[in-house]
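Visitor: If you scroll down you'll find the structure; I have some questions about it.
Only the coordinates and a few stated rules stand behind these numbers; no lab work does. Keep in mind that what you see is a predicted model, and the values were worked out from it rather than measured. For neighbour counting, all protein chains shown are included, and Cβ atoms are generated from backbone atoms with ideal geometry for every residue, glycine included.
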Amino acid sequence: MHSLLITIGLLTLSNIFMTFAWYGHLKYAHSKVWVVAALISWGIALFEYLLQVPANRIGYQVASAGQLKVIQEVISLTVFIPFSMYILKEPFRSDYIWAGLCLIGAVFFMFRSKIM
């Protein structure tokens, strides 16, 4: 369980960097040519990978690759929603709730052998 918590923590930090790398340029580098925005994003993404790779290596000791992917997707949506609302100033959409419910279903099916 300790390894899984470390994995979730590292994946959360990784996703924060990922979200800024993938979407931050829409707010902070929108006036730059796309090549500059891409280079800035790659620089940010380096930190994502420096966290994501060890997270998956640690997590793979206690979870399958599919389980790790579902955990990452849940974290990704959890990080993206506040980012889109507070950084990009986009309104909350009910689609986020539906997507979250689908991910809860994915978590259930990927982990049901461990919880049943």
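Visitor: Go through the stretch 95-115 and count every residue that is under 30 Å from Ala29 (Cβ atoms) and free of Cβ contacts under 8 Å to residues at least 12 places away in the same chain.
Guide: 1
Visitor: Looking at the stretch 24-33, which of its residues are surrounded by 15 or more Cβ atoms within 10 Å (Cβ to Cβ) and in a helix (DSSP H, G or I)?
Guide: Taking the stretch 24-33 as the starting set, the residues that turn out to be surrounded by 15 or more Cβ atoms within 10 Å (Cβ to Cβ) are 24-25, 29.
Matches in the stretch 24-33: His25 only.
Visitor: Within the group Ala37, Ala55, which residue is touching a helix residue (DSSP H, G or I) at 6+ places or on another chain (Cβ under 6 Å) and closer than 15 Å to Leu10 by Cβ?
Guide: Just one listed residue meets the conditions, Ala55.
Visitor: Is it the case that some residue within the stretch 34-49 is closer than 25 Å to Ile115 by Cβ and surrounded by fewer than 18 Cβ atoms within 10 Å (Cβ to Cβ)?
Guide: Looking through the stretch 34-49, none of the residues is closer than 25 Å to Ile115 by Cβ and surrounded by fewer than 18 Cβ atoms within 10 Å (Cβ to Cβ).
Visitor: With the requirement that a residue be among the hydrophobic types (A, V, I, L, M, F, W, C) and under 16 Å from the mean Cα position of the chain (by Cα), what does the stretch 7-41 give you?
Guide: Initial filter on the stretch 7-41 (among the hydrophobic types (A, V, I, L, M, F, W, C)): 8, 10-11, 13, 16-18, 20-22, 26, 29, 33-40.
Of everything in the stretch 7-41, those that are among the hydrophobic types (A, V, I, L, M, F, W, C) and under 16 Å from the mean Cα position of the chain (by Cα) turn out to be Ile8, Leu10, Leu11, Leu13, Ile16, Phe17, Met18, Phe20, Ala21, Trp22.
Visitor: Determine the pairs where a residue that is more than 15 Å from Leu13 (Cα to Cα), located within the stretch 64-90, has a partner that is aliphatic (A, V, I, L, M) with Cβ atoms under 7 Å apart, the partner being 6 or more residues away or on another chain.
Guide: Hits for this filter: Gly66/Met110; Gln67/Met110; Val70/Ala106; Val70/Val107; Val70/Met110; Leu88/Leu26.
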